[in-house]
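Single-structure report; data block below.
What follows is calculated from the coordinates using simple rules that are stated; it is not laboratory data. Because the structure is a prediction, the values reported are computed rather than measured. Neighbour counts run over all protein chains shown; Cβ positions are idealised from the backbone, glycine included.
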Amino acid sequence: VKANGRNQFRFYDDGLRSQREHELEMISDLREALRSDQFVVFYQPRYSVQENRIVGVEALIRWRHPEHGLVAPGHFIPVAESSGLIGQIGEYVLREALRQNAEWRKQGIELEMSVNVSLRQLRSPDFPRLVSKILRQYGCPPASLELELTETALFEDDAVIHANLKALRTEGVRIAIDDFGTGYSNLARLSEVSVDCIKLDRSLIQDFARNRPILRMVIAMCKFMEVTIVAEGVETRDMAAWTAEHGCHELQGYYFSKPVPACEILPLLDQTFST
Ligand code: C2E
Ligand code: CA
Ligand code: CA
Ligand code: CA
């Protein structure tokens, strides 16, 4: 999601007030949402081709708005980022996701947990300490957590970001590049950063018939880097079969499940999927 809140949240836009006024109203509503616990975390399964089962989930925030119902993150994350509230909102997601991970662990269910992290969170010198504090609080092994960052975050020339990434990886937390293949994919710099996982953007996968040559190339490169390759936005059996056959290790998308509340994950774990 690009940092552009304009007209995204239509119901905040009655056409009479300025953009800035809408934004201020949303900021105050986001503060209220934090105070009165209106955020919820949904989970979308990640399927392992080799193990033929679900091995992890991605935590995706939703806003249970008192008037507007369940609001998707694309509508409010940009404003959360520009206002700085993403720090607190991101911390909520991290805490909630690891609490859930620990609860599943107690039931004997081990799932890797992926959490999205904004550039702004990563810029905070305290971020690695916060992450290890929450991991310890819930007794989650660091390797059960994967942080998803966009390329822009990884290629930022920022000493704090690099130090934070290093600290997190040293602790054992996994780092993934999200939405790979969109925007500027700086292939040259990719070899300079060390990551554990690359998630191919769903725009590449959804038009896989046309994108075959570039997908083949990108997958070959990821293999060379020895990272886990995840195909996002896998919606059909055809997409699942092609990406599995061509070397993606894990698949995520509506073909397996849309993001669901935690309680709906368990039945999916026993389901078999054909790819
Ligand atoms: P993302 O990290 O790329 O997450 C994947 C998005 O693709 C999710 O949208 C998911 O519902 C959607 N998706 C999954 N499978 C399919 C599919 O097969 N087809 C299609 N068409 N879409 C699929 P969602 O949940 O609306 O999230 C949108 C974005 O909001 C996320 O994109 C992420 O960038 C951001 N976001 C979500 N939760 C958080 C969070 O806790 N913190 C931060 N900073 N950003 C978040
Ligand atoms: Ca809650
Ligand atoms: Ca993501
Ligand atoms: Ca993505």
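Summary table below
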{"read-out": "For the chain, calculated [θ]222 nm from helices alone, where every DSSP H run of n ≥ 4 adds -39500 (n - 2.57)", "value": "-13000 deg cm²/dmol"}
{"read-out": "Test item: Cα-centred dipole of the chain, Lys/Arg +1 and Asp/Glu -1 on Cβ, debye", "value": "220"}
{"read-out": "Relative contact order of the chain, pairs being alpha-carbon contacts under 8 Å that are 6 or more residues apart, as %", "value": "18"}
{"read-out": "Among beta bridges that DSSP assigns inside the chain, antiparallel share in %, nearest 5", "value": "40"}
{"read-out": "Residue with peak Gaussian network fluctuation, the chain [Cα springs, cutoff 10 Å], from A153, A188, A143", "value": "A188"}
{"read-out": "Taking segment 10-163 and dividing mean pair separation by its residue count, relative contact order in percent (alpha carbons under 8 Å, at least six apart)", "value": "18"}
{"read-out": "Anisotropy class of the chain from Cα gyration tensor, a/c 1.5 cut", "value": "rounded"}
{"read-out": "Residue with peak Gaussian network fluctuation, the chain [Cα springs, cutoff 10 Å], from C248, C197, C222", "value": "C222"}
{"read-out": "Cross-link partners of K133 among lysines (Cα-Cα below 20 Å; sequence separation of 8 or more within a chain)", "value": "K106, K166"}
{"read-out": "Nearby lysines by direct alpha-carbon distance to K223 (threshold 16 angstrom, same-chain neighbours under 8 apart not counted)", "value": "K199"}
{"read-out": "Cα shape, segment 188-240, gyration tensor, a/c 1.5 rule", "value": "prolate"}
